[in-house]
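Structure record follows, encoded as structure tokens.
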Amino acid sequence: MEIKLLENQEKKNKIIFSLTGVDIAYANTLRRLMGFEVPVMAIEDVEFRKNSSILYDEVLAHRLGLIPLTTDLKSYDLPNECKCKGAGCASCQVKLTLKASGPGMVYSSDLKSKDPAVKPVFNKIPIVKLLEGQELELEATAVLGQGKVHSKWCPGLIFYKMPNPDKDEFIFTVESWGQLNPKEIVLKAIDVYDKQLEEFSELIKALE
């Protein structure tokens, strides 16, 4: 197996690399792991304290969940893998607060995180427009999740093409939404793959 970096577009959070010496099953597995198994942060729960905007709580919660958040994989665990067993602690979740009043547009930059390492990737994502006298106050909880559960936890756009179907060469494009950089997505996917293979190996040994 050989990997060669073809393009590194840092400003666009995008890399293109070639993968040779593997078959299509391996390439497709890697693609799926990058898109659906690599965990990233996203808002999962929202507690509204005030909301006199034109939008219902459910609509705002959905919008908040789709705002990409920078992710620190070294500091947080997936809830089901955390020592708290998903009950909620500093190792698997982070709180963000928002308090705004009209008139004016509420943007993603108005979300204030308890952890500077976890914050909106883009500051100018519009959330809701408040009119004179309208208020919005909430506390949101962000957790690590995977794209196989919900698309809000998908780390980016990942695909490959085969320039020559007769050769085992795959040209991968990894374009991150900004939660992780593209190289982190690739490396984490390989780590996940190794872990899954180890678990599978242990299951096979247990059958002997």
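So the values come out like this:
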| read-out | value |
| --- | --- |
| Label-point separation in nm, LYS195 to PHE122, each point 7 Å along Cα→Cβ | 2.9 |
| Gaussian network model of the chain, springs between alpha carbon atoms under 10 Å - residue of ILE24, ILE43, ILE171 with greatest fluctuation | ILE24 |
| Projected label distance in nm at GLU10 and LEU203, using a 7 Å step from Cα toward the beta-carbon | 4.1 |
| Relative contact order %, the chain, counting alpha carbon pairs below 8 Å whose residues are six or more apart | 30 |
| P(r) tail fraction, the chain - alpha-carbon pairs more than 25 Å apart, % | 47 |
| Environment charge of ASP115, counting only residues whose C-beta is closer than 9 Å and scoring Lys/Arg +1, Asp/Glu -1 | +2 |
| Binned Cα-Cα distances of the range 41-145, short to long, each 10 Å bin given as a whole percent | 16, 47, 27, 9, 1 |
| Over 31 Å (Cα to Cα) - which of LYS85/LYS195; LYS4/LYS95; LYS4/LYS74; LYS119/LYS167; LYS152/LYS205; LYS99/LYS183 fall in this group | LYS4/LYS95; LYS119/LYS167; LYS152/LYS205; LYS99/LYS183 |
| Cysteines in the chain lacking a second Cys C-beta under 4.7 Å | CYS154 |
| Lys, Arg +1 and Asp, Glu -1 on Cβ, resulting dipole of the range 41-145 about Cα centre, debye, nearest 20 | 260 |
| Cα-centre dipole for the chain with unit charges at Cβ (Lys and Arg positive, Asp and Glu negative), debye to 20 | 640 |
| Cβ-derived FRET efficiency at R0 35 Å, ILE24 paired with ASP57, nearest 0.05 | 0.15 |
| Neighbourhood charge, 13 Å Cβ-Cβ cut-off, centred on VAL192 and excluding it, Lys, Arg +1 and Asp, Glu -1 | -2 |
| Farthest toward positive dipole pole in the chain [+1 Lys/Arg, -1 Asp/Glu at C-beta], among GLY102, ASN181, ASN8 | GLY102 |
| Estimated FRET transfer efficiency when R0 is 30 angstrom, pair ILE3-SER109 (beta carbons, to 0.05) | 0.20 |
| Full-extension gain in nm, GLU81 to GLU137, via 0.36 nm per residue minus C-alpha separation | 17.0 nm |
| Surrounding net charge for SER52, when Lys and Arg each add one and Asp and Glu each subtract one, Cβ distance under 15 Å | 0 |
| The range 137-168 and the range 61-127: distance between their alpha carbon centers, rounded to Å | 18 |
| Degrees, to the nearest 10: 24-36 long Cα axis against longest axis of the chain | 20 |
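Coordinate-derived values only; no laboratory data. What you see is a predicted model, and the numbers here were worked out from it, not measured in a lab. We place every Cβ from the backbone using ideal geometry, glycine too, and count neighbours over all the protein chains shown.
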